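Chemist: So that we are looking at the same thing, I have put the structure below in structure tokens.
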Amino acid sequence: MTRFRGLPKRQSEVFEQIAIGNDGGHHPKVLQALLDKGLIERGEQQLGGWPPMTVYRYWVPIPIHMEWCEWCSEIEE
């Protein structure tokens, strides 16, 4: 649980947004820091249209998400 306690404010805010499905518009350095810590993962999504585009999508792996939910429930008590 300590992995969430020590996050800088901005990383914590972005992590929480990604955990609830809002993975767009975040600063690349913050995303990279979360990737480096293993708290999020990244994949590519192909968008149609002309020209076709590739965007990165971010998500929290299920074991990390479960740990985060448990941590959140403990800090609310």
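Just so you know, all these numbers are worked out from the coordinates, no wet-lab data involved. Quick caveat: nothing in here was measured; it's all calculated off a predicted structure. Using ideal geometry, Cβ is built from the backbone for each residue, glycine included, and neighbour counts are taken over all protein chains shown.
Chemist: Contact list please: Cβ distance under 7 Å, first residue in the stretch 10-32 and within 19 Å of PRO63 (Cα to Cα), second residue small (Gly, Ala, Ser) and surrounded by 15 or more Cβ atoms within 10 Å (Cβ to Cβ), pairs at least six apart or on different chains.
Modeler: Going by the 7 Å Cβ cut-off, the qualifying pairs are GLN11/ALA33.
Chemist: Continuing with the same structure: Basic (Lys, Arg), touching a residue at least 12 places away in the same chain (Cβ under 8 Å) and touching a strand residue (DSSP E or B) at 6+ places or on another chain (Cβ under 8 Å): is that true of ARG3 in this structure?
Modeler: Taking the combined requirement at face value, the residue does not satisfy it.
Chemist: Restricting to the stretch 38-77, name every residue that is within 19 Å of GLU13 (Cβ to Cβ), of a type in the set (A, V, I, L, M, F, W, C) and in a helix (DSSP H, G or I).
Modeler: Of everything in the stretch 38-77, those that are within 19 Å of GLU13 (Cβ to Cβ), of a type in the set (A, V, I, L, M, F, W, C) and in a helix (DSSP H, G or I) turn out to be ILE64, TRP68, CYS69, TRP71, CYS72, ILE75.
Chemist: Checking HIS26 against (1) assigned to a loop (DSSP other than H, G, I, E, B); (2) touching a Ser or Thr at 6+ places or on another chain (Cβ under 8 Å), which single condition isn't satisfied?
Modeler: The one condition HIS26 does not meet is (2).
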